[in-house]
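Report on one structure; see the data block that follows.
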Amino acid sequence: MTSEMISAAAAGAWRLGDLDVNRIGFGAMRLTGSAAFHLGTPSDRERSIAVLRRAVELGVNHIDTAAFYFSSLRSANELINSALSPYADDLVIVTKVGPYRDYAGEWGTAARPDQLRSHVEENLRQLGRDHLDVVNLRRMGQDSIAEHFGALAELRDAGLIRHLGVSDVEGRHLAEARAIAPVVCVQNRYGLGSAQPGTDEVLRICGELGVAFVPFFAIAGKGGARGPGGADGSHDRAGAEVLDVARAHGATAAQVRLAWTLRQGPHVLAIPGTGNPDHLTENVAAGALRLTDDEMARLDGVHRSGE
């Protein structure tokens, strides 16, 4: 499929609270240069800034980031600030708190509820903003998220946060959060042939509630933060089916995976991340790719089998 003259608006739009976003967004994690964050070679700063600016030119108005997205010499939030500030009125920046990394880049224990204000303020400082559009609480294995989410709800009441979301949760955690404050989105790992246990059910619940479902690693699948497991994505049955569908459309495997993800419901948003300007254009163009019902049935089959 052609990637020329394609806008993120081709995928349609959804509302996060009172904020309208196109369903194809952008994930900032890979801008720092390494999926492992603090390992590997830092990204080229000017190239990363150019990718961010090009994303906005292509109609992307939903950017996902976090203060803990950094590698040696590079910070995703700093790149976003440098590239896009002063921010357009319709640009929605979503961040997350919960995980903790020290200045050397090493992961620590999950943030305590009383530490979340400092994490929110760090995001504000790095992004150069006086409030955050959406903050997701990333669950770090705890059985209950009530105390952590309640701390964020207090920051929302104080005006530091506009809207709240949750990440890496089961249906019971979503219900627990919604009993405290409105939830506009859920971020869980989800991709063709790869999903957290119970996430298909969470996706369904979100659709019924009108809550956005925002999968991460939708392209990488089982490769997760390491990226796709094979150069062409054909390392498993799902990859082989994806490549067959891609050939029929003159598309890439990544575009088919994104198109399949968006077909899971009008409330599903995609936030593919890349530091490559060509991949960025391809990802945005995927919002215009329309898979046939037969193709969806084939891909749904391999997704359900988990192969």
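Each value in this text was obtained by applying a stated rule to the coordinates, not by laboratory testing. What you see is a predicted model; the values in this text were computed from it and never measured. As a convention, Cβ positions derive from the backbone with ideal geometry for all residues, glycine included, and neighbour counts pool all protein chains shown.
Quick look at the values:
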| item | result |
| --- | --- |
| Cα gyration tensor, the range 78-218 - rounded (a/c under 1.5), prolate or oblate | rounded |
| Separation of the Arg298 and Met140 label points, Cα + 7 Å toward Cβ, nm | 4.4 nm |
| Label-to-label distance, nm, for residues given as Arg53 and Ala181 (7 Å Cα→Cβ offset) | 3.5 nm |
| Longest to shortest principal axis, alpha-carbon extents of the chain, angstrom | 52, 43, 35 |
| Per-residue ³J(HN,Hα) for the range 111-124, Karplus 6.51 cos²θ - 1.76 cosθ + 1.60, θ = phi - 60°, Hz, x for Gly and Pro | 5, 6, x, 6, 8, 5, 4, 5, 5, 5, 5, 5, 4, 4 |
| Which of Leu137, Gly108, Pro86, positive extreme of dipole for the range 67-161 (C-beta unit charges) | Gly108 |
| R0 of 30 Å, Cβ-Cβ distance Asp130-Tyr103: FRET efficiency to nearest 0.05 | 0.75 |
| Test item: Cα-centred dipole of the chain, Lys/Arg +1 and Asp/Glu -1 on Cβ, debye | 280 debye |
| Among His163, Gln126, Gly59 - extreme Cα towards positive end, dipole of the chain, charges at beta-carbon | Gln126 |
| Formal net charge of residues neighbouring Gln187 (Cβ-Cβ distance under 12 Å; K, R +1; D, E -1) | +2 |
| Sequence-distant residues sharing a close amide H with Ile161 (under 5 Å, placed H) | Leu132, Arg156 |
| Asp200-Asp20 pseudo-label distance in nm [points 7 Å out on the Cα-to-Cβ vector] | 3.5 nm |
| Principal-axis tilt of helix 45-57 within the chain, Cα atoms, nearest 10 degrees | 70 degrees |
| Per-residue Cβ neighbour rank within 10 angstrom, fewest leading, His249, His173, His267, His62 | His249, His267, His173, His62 |
| Within the range 98-125, backbone nitrogen closer than 14 Å to the virtual label 7 Å beyond the Cα of Ala158 toward Cβ | 113-125 |
